[in-house]
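The values are calculated or read from the model by the stated rules, or taken from the named source; none is laboratory data. The shown structure was predicted, so the numbers you read here are calculated from the model rather than taken from an experiment. Using ideal geometry, Cβ is built from the backbone for each residue, glycine included, and neighbour counts are taken over all protein chains shown. These area figures cover heavy atoms from the full protein model, side chains too; ligands, DNA and RNA do not enter into them. Shrake-Rupley method; radii C 1.70, N 1.55, O 1.52, S 1.80 Å.
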Amino acid sequence: MIAATRGVLLAGVGGQGVILASHIAAEALLRCGFDVKQSEVHGMSQRGGVVTSHLRFGGQVASPLIAPGEADLVIAFEWAEALRWSSHRRPEGKLVSDRRRILPPVACLDRRGWASAYPADASALGDALVVDATAIAREAGNEKAAGSVLLGIASALLELPEQPWQESIVATVPTKTRAANLAAFAAGRTLHFPAAELAAPAPPSPPLVRHRLEIETAWCKSCDICVRLCPERCLTLDAALKAKVVDPDACTGCRLCEMLCPDFAITVVSEEVAVA
Amino acid sequence: MSGNEAVARGAYEAGVRVAAAYPGTPSTEILEALATYPSVDARWSPNEKVALDVALGASLGGARSLAAMKHVGLNVAADTFMTAAYVGVGGGLVVISADDPGMHSSQNEQDNRFFARLAGVPLLEPADSEDARRLTRAAFEISEEFDTPVLLRTTTRVAHGRSLVQPAERTEAPARGFQRDRAKYVMLPANARRRRLALLERLERLRVRAEEGAFTTEIEGDSTVGVVTSGIPYHYVREVLPDAGVLRLALTNPLPIERIRAFAAKFERLFVVEELEPFLEDALAAAGLRAEGKAFFPRTGELSPDVVRQGFARAGLLAAGTVPAAAPATTPRPPVLCPGCPHSAPFLVLRRLNAVVAGDIGCYTLAALEPLAAMDTCIAMGSSIGMAVGLAASGGAGGPVVATIGDSTFLHSGVQGLMEAVYSQADITVLILDNGTTAMTGGQHHPGTGAALDGSPRPAVDLVGLCRSLGVEQIEVVDPYDMGALERGLERATARRGPAVVITNRPCVEAPVKIRDHPFEVIDDRCIACQLCMNLDCPSLLWTDATWHEDRRRVEIDGSTCTGCTVCAQLCPAGAIVPLAMVGAP
Ligand SMILES: Cc1ncc(C[n+]2csc(CCOP(=O)(O)OP(=O)(O)O)c2C)c(N)n1
Ligand code: SF4
Ligand code: SF4
């Protein structure tokens, strides 16, 4: 009988080694005797964006792509990516994730409310297996071998023999990091769950204040310092070359302009806003 | 093997001798893979048109040759491509177009199959890696037998997908040498008129060959549903409708229309499943074959098993599947410039100068996103300078007009734009972001880097000398890690009447060598949490949970990724950012 097709989705952040790990896995699955198809997307996404790789294997594989809700296993290299791709699992599918957090710069951008868009709530992950793969890899000799820790876990979850995976690591990774990757794989393979609690620390809640600039126009000598240094670019010089607020809503109340103005022409007034 | 590696393998087996390309996702790895084979002269050209010219010349010289490019690259090479179809070949000539449905890394998702129909050349569409190897090999045979260039069109999923291939040995193609034949190779109108007839005649011959069944595979099914498909959607159809009859076309121009008609006659309902445009569907309709297609399958983006399933569900063939739970909310993660990227600071300065920025394509296009948000247009490779000239001519820009263009893009097709700027004495500044590589596509060499594809040394284009020879009077080279120099340089350039050029001179931090200088860190109690530094969008700058004044978050630097470019330290008004080792110093 032809073995049924199974799907493994790997996801992480550009630069984490997702593609290398998926090449190791594909090679290992071939060595296990399966037909394997793999599909990855790189290019723009390598610049710190999301990287995914689809792996499908079995007796004979048609499509290389895994439809949402059809992955037998999702391997996430990063916490937010675990959330993003968790719904690609089958109801009985598993999810393994590194506990590593990589906060994308955009999530730091709402400086006003500075609520980070980074997920803190773990409940959506259900029965995910979350490990500190990066720490385990560090112990094995190289932090960058976290992918091999995850592959070790995956090989056990997929109930596949370990030897083809080891052979694949030897064949695929550079000689310099071979020992560390093999050790990392072994550590992952023998890991016992439950390994750790899930929740990431909750972010502090944003303050409810509104900021307003009082500009003493007579004192302003058009030096342009506030305009150039306002992190939010709220200020400009008007036709009379006096400082003027153009974007009051963007002001985060950092007081930089107040501190930098050589003539004390700017005061930042912060007022509490009543909670609705 | 990946699809790209398989294309390279197929070409190698077919005895390819010369391969030229300009990089572009998802085609880049074809040349990189070809370069690893012996007896193949694999080279980067300054742009796709030159690459195709080189390949055509090599073909007329008797060598089997190949040109590879991404889909938009064929727009650049189209002039040669259209007439190469008249000329035909000496040694086999195969053009690879790697399309990008879904626009994973592209500015559009044009369907290049139309180029084959437009030019009247054979079109092959592989569905996986083994297909890619086999069809590339076959493409050279077709090219020589029918005396025509052949277009092989892959898509991102084929190019970057991996599956098993069965490699074969290389067969050396016989060396033919250049055969002088002006009636065939000199496209004066009188010659071209004759060649146009030859083109139509050879297409008909190829169609007759295709009718005989080469390049079509039929999967028998029950008599209810028949599907005509090509490329990777074939696998999606097999996955979703394993019992349907399927006609899989590897050659989609010219179409074996009678073969399709015979297939169609067996079924109650006929479908066409194809990515992007209704290329096959319209051709079937024109031949009087009613097939259902784009009514159920989207014309934008990639197909996938899921999308194909939903299409057949809408067509009433499948029960509507249960919609899987939506992904839980999480943070978006757009691509960003690298820590220490020499492109960041120039855009911060441009933003301060309130410049209207005509951008171009490369890593620096990411400066159009928040928080740098300092690029106002980006259309096609090399367009920035001409666009800037036009913006200045419109009189409506409302600020200094600056074109920003990478070194590779400048040499690809920016030079003529600069010529125009000098010719029309446009009031623009051209900022050439010279990072010494083609970074966006993974760091390939180009004529300005001083090395060839295999790394061997070559003379490098001197950008300053080039600009001067075009007639630019003010040219300044500045260090993009020096905020003061950048500001002064760009202020001088934008204040000047007539064109001025500013060139930055720091290498890319990722290629050809990874640059990791001494990292910086934030002295926690000096940081006043103004977050001015965060405007740089450096991924090494992060929020801490520590706060200052009204609970604003302070900043920290991830020392493991910081490249020590010093730019954030120059920005910090509180002097809180210092080299890591200096902590504790007064
Ligand atoms: C016609 C065309 N060919 C190729 C590409 C693919 N492509 C996008 S950016 C880029 C290279 C840009 O290099 P450079 O201008 O040096 O900027 P860098 O990425 O190094 O900053 C290439 C080849 C394209 N988009 N269009
Ligand atoms: S010095 Fe500052 S801007 Fe440069 S890489 Fe380090 S953190 Fe980023
Ligand atoms: S610029 Fe300096 S003071 Fe402002 S947030 Fe950054 S490190 Fe802190």
All lysines inside 25 Å of B:Lys184 as judged from Cα atoms, apart from same-chain residues fewer than 8 positions distant:
B:Lys49
Determine which lysines satisfy two conditions relative to A:Lys242: a Cα distance under 26 Å, and not lying fewer than 8 residues away in the same chain.
A:Lys221
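Averaged over peptide B:334-340, how many Cβ atoms belonging to another chain are found within 10 Å of each residue's Cβ? Intermediate results must be reported in sequence, preceding the final value.
Numbers: counts 9, 10, 7, 3, 5, 1, 0.
Taking all residues of B:334-340 together, the mean is 5.
May I ask what percent, to the nearest 5, of DSSP beta bridges between residues of the protein assembly as shown are antiparallel? Walk me through the numbers before you get to the answer.
Details: 43 of 108 bridges.
That works out to approximately 40 percent antiparallel.
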In nm, the gap between the two label points placed 7 Å beyond Cα toward Cβ at B:Ala373 and B:Asn108 is 2.9
Considering every Cα-Cα pair within the range B:235-389, what fraction, in whole percent, is farther apart than 28 Å?
50
Report ³J(HN,Hα) in whole Hz for each residue of the range B:429-434, in order, from the Karplus equation J = 6.51 cos²θ - 1.76 cosθ + 1.60 where θ = phi - 60°; Gly and Pro get x.
10, 10, 9, 8, 8, 8
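Filter A:Lys37/B:Lys514; A:Lys37/B:Lys70; B:Lys70/B:Lys514; A:Lys94/A:Lys144; A:Lys37/A:Lys144 down to the pairs with a C-alpha to C-alpha distance above 29 Å, please. List each step's numbers first, then the result.
Details: A:Lys37/B:Lys514 32 Å; A:Lys37/B:Lys70 23 Å; B:Lys70/B:Lys514 27 Å; A:Lys94/A:Lys144 24 Å; A:Lys37/A:Lys144 25 Å.
Over 29 Å apart, Cα to Cα: A:Lys37/B:Lys514.
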Here the gain from full extension of B:Arg468 to B:Ala495, 0.36 nm per residue of separation minus their alpha-carbon distance, amounts to 7.8 nm
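Determine the shielding of peptide B:526-532 by partner chains: average, over its residues, the number of Cβ atoms on other chains within 10 angstrom of each Cβ. Don't jump to the answer; show the numbers that get you there.
Values: counts 0, 0, 4, 6, 12, 9, 6.
Mean inter-chain Cβ contacts per residue within 10 Å come to 5.
Just to make sure I understand: if all protein chains stay in place, what is the order of B:Leu206, A:Leu229 by accessible area at 1.4 Å, largest first?
Values: B:Leu206 5, A:Leu229 45 Å².
Sorted by accessible area, descending: A:Leu229, B:Leu206.
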Using R₀ = 45 Å, calculate the FRET efficiency as 1/(1 + (r/R₀)^6) where r is the Cβ-Cβ separation of A:Thr177 and A:Ala240; round to 0.05.
0.10
Could you name the aspartates and glutamates whose alpha carbon sits less than 15 Å from that of B:Lys266, not counting residues in the same chain fewer than 8 places away?
B:Glu218, B:Glu220, B:Asp222, B:Asp243, B:Glu258
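Hey, what did the range B:390-442 get for relative contact order, percent, Cα under 8 Å, at least 6 apart?
48
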Rel. contact order, % - alpha carbon contacts under 8 angstrom, at least six apart, chain B
10
What does the accessible area of B:Met103 come to, in Å² to the nearest 10, when a probe of 1.4 Å is used?
80
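Which whole-number percent is the relative contact order of the range B:216-322 (Cα, under 8 Å, 6+ apart)? Numbers along the way, then the final one.
On the way: 170 pairs, mean separation 28.6, N = 107.
Rounded, it is 27 percent for the range B:216-322.
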Kindly work out what percent of the DSSP beta bridges joining two residues of chain B are antiparallel, to the nearest 5.
25
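In peptide A:56-63, what is the residue-averaged number of other protein chain Cβ atoms found within 10 Å of each Cβ?
Values: counts 3, 0, 0, 0, 1, 5, 11, 17.
Mean number of neighbouring Cβ atoms from other chains: 5.
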Distant-in-sequence amide H partners of B:Ile428 (H built 1.01 Å from N, under 5 Å):
B:Gly498, B:Ala500
At a probe size of 1.4 Å, how large is the accessible area of B:Lys266, to the nearest 10 Å²?
100
